[in-house]
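J.: My structure is below; once you've seen it, I'll send some questions.
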Amino acid sequence: KFAIHTEFDKIIILSPKAWISHTNDLIKKYIPMRDKLVVIQGGSTRNETIMNGIRYIEENFGLDEDTIIVTHDSVRPFVTHRMIEENIQAAMAYGACDTVIPATDTIVESKDHQNISCIPERSTMYLGQTPQSFKAKKLRDIYLNMTEEEKEILTDACKIMVLKGEQVRLVEGDVTNIKITYPSDIRMAESLLGGK
């Protein structure tokens with residue numbers, strides 16, 4: 001879906017070093033329009049991986065205030081063209097955005113992992129998906145100025161912006177934009193593909 005989108009100058013696939021060759025083989029096998037694709041080494045954390053991607057952009061194309069990156073998890077294969085397009089638009093307009101769906105279950109917090117410490121108001125709760133999109137230079141500059149303690153509590157790139165008081169716009173996701181984590185998710189993915 002990213003490879004056929006016309007607005008991307010480059011699609012950077014970040015991979016563990018040991019998997020780069022295999023990833024290139026998969027691209028050659030399954031993606032005919034691969035001119036815009038490049039596979040590079042990721043980092044030791046999610047956010048270091050994103051920083052490696054931004055570094056690649058800066059070294060090969062330059063980085064300015066308007067450079068937009070759309071980050072996406074490969075474990076979410078059902079992203080839609082609409083989500084990608086709305087991420088691009090929101091990142092350009094607001095500087096950062098996250099793809100989310102409203103929480104349908106009650107969210108329960110337990111700080112000691114044994115007892116409920118808080119039940120937030122469900123109507124204000126959302127479940128984060130990807131893509132997450134940013135003005136790349138701003139994201140990089142904020143991340144590089146964070147303390148090691150701040151970096152340790154990061155769960156995703158949007159938290160970089162939120163911790164520093166930056167606005168992150170919501171983009172509507174979809175319940176079909178599933179994250180493949182468990183074996184049961186493979187069965188769900190197969191059913192979304194029509195039983196293939």
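J.: Give the residues of the range 46-69 that are part of a strand (DSSP E or B) and either open to solvent by 30 Å² or more (accessible area, probe 1.4 Å) or hydroxyl-bearing (Ser, Thr, Tyr) (or both), sorted by residue number.
T.: 68
J.: Run residue 82 past the list (1) within 16 Å of residue 177 (Cβ to Cβ); (2) under 14 Å from the mean Cα position of the chain (by Cα); (3) among the charged types (D, E, K, R) and report the number of the one that doesn't hold.
T.: Among (1) within 16 Å of residue 177 (Cβ to Cβ); (2) under 14 Å from the mean Cα position of the chain (by Cα); (3) among the charged types (D, E, K, R), residue 82 violates only (2).
J.: Give me the pairs, please: first residue somewhere in the range 102-129 and more than 22 Å from residue 169 (Cα to Cα), second residue anywhere and in a helix (DSSP H, G or I), beta-carbon distance under 6 Å, and either six or more positions apart or on two chains.
T.: Close Cβ pairs (under 6 Å, with a partner that is in a helix (DSSP H, G or I)) amount to 106/122.
J.: A further question on this structure: Could you check residue 196 against (1) open to solvent by less than 60 Å² (accessible area, probe 1.4 Å); (2) modelled with pLDDT under 95; (3) farther than 22 Å from residue 44 by Cα and say which number it fails?
T.: So residue 196 meets the others, but not (1).
J.: Evaluate the following for residue 87: is it open to solvent by less than 40 Å² (accessible area, probe 1.4 Å), at pLDDT below 95, under 23 Å from residue 129 (Cβ atoms) and part of a helix (DSSP H, G or I)?
T.: Here the answer is no, as residue 87 does not meet what is asked.
J.: Kindly provide the set of residues from the range 90-106 that are in a loop (DSSP other than H, G, I, E, B) and open to solvent by 60 Å² or more (accessible area, probe 1.4 Å), ordered by number.
T.: Across the range 90-106, the qualifying residues are 104, 105, 106.
J.: Would you call residue 93 touching a residue at least 60 places away in the same chain (Cβ under 8 Å), closer than 26 Å to residue 58 by Cβ and either in contact with a Lys or Arg (Cβ under 8 Å, 6 or more places away or on another chain) or not acidic (Asp, Glu) (or both)?
T.: The answer is yes for residue 93.
J.: Still on this structure, please answer the following. Scan (1) open to solvent by less than 40 Å² (accessible area, probe 1.4 Å); (2) modelled with pLDDT of 95 or more; (3) under 15 Å from residue 156 (Cβ atoms) for the single condition residue 72 breaks and write down its number.
T.: Among (1) open to solvent by less than 40 Å² (accessible area, probe 1.4 Å); (2) modelled with pLDDT of 95 or more; (3) under 15 Å from residue 156 (Cβ atoms), the lone unmet condition for residue 72 is (1).
J.: Kindly provide the set of residues from the range 1-15 that are closer than 17 Å to residue 75 by Cβ and loosely packed, with under 13 Cβ neighbours inside 10 Å, ordered by number.
T.: The one that is closer than 17 Å to residue 75 by Cβ and loosely packed, with under 13 Cβ neighbours inside 10 Å: 1.
J.: Quick one: in the range 156-178, of everything that is small (Gly, Ala, Ser) and in a loop (DSSP other than H, G, I, E, B), which residue is least open to solvent (accessible area, probe 1.4 Å)?
T.: Among those residues, the one meeting the criterion is 173.
J.: Among the residues of the range 114-155, how many are assigned to a strand (DSSP E or B) and either of a type in the set (A, V, I, L, M) or open to solvent by less than 90 Å² (accessible area, probe 1.4 Å) (or both)?
T.: Qualifying residue count for the region: 10.
J.: In addition: Checking the structure you have, find out if any residue of the range 36-45 is among the β-branched types (Val, Ile, Thr), at pLDDT below 95 and not in a helix (DSSP H, G or I).
T.: The answer is yes, given that some residue of the range 36-45 is among the β-branched types (Val, Ile, Thr), at pLDDT below 95 and not in a helix (DSSP H, G or I).
J.: Could you grab the pairs with beta carbons closer than 7 Å, sequence gap of 6+ or different chains, first residue in the range 179-191 and among the β-branched types (Val, Ile, Thr), second one assigned to a helix (DSSP H, G or I)?
T.: Close Cβ pairs (under 7 Å, with a partner that is assigned to a helix (DSSP H, G or I)) amount to 180/186; 180/189.
J.: Residue by residue through the range 10-35, note down the ones that are in a loop (DSSP other than H, G, I, E, B) and not hydrophobic (A, V, I, L, M, F, W, C).
T.: 10, 16, 32, 34, 35
J.: Moving on. Name the one entry in 31, 20, 27 that is touching a residue at least 24 places away in the same chain (Cβ under 8 Å) and open to solvent by less than 60 Å² (accessible area, probe 1.4 Å).
T.: Step by step, each of 31, 20, 27 is checked, and only 31 is touching a residue at least 24 places away in the same chain (Cβ under 8 Å) and open to solvent by less than 60 Å² (accessible area, probe 1.4 Å).
The values are calculated or read from the model by the stated rules, or taken from the named source; none is laboratory data. As the structure is a computational prediction, the values presented were derived from the model and not from experiment. Reconstructed Cβ throughout: ideal geometry from the backbone, glycine too, with neighbour counts over all protein chains shown. Ligands, DNA and RNA are excluded from the accessible area calculation, which covers all protein heavy atoms including side chains. Shrake-Rupley method; radii C 1.70, N 1.55, O 1.52, S 1.80 Å.
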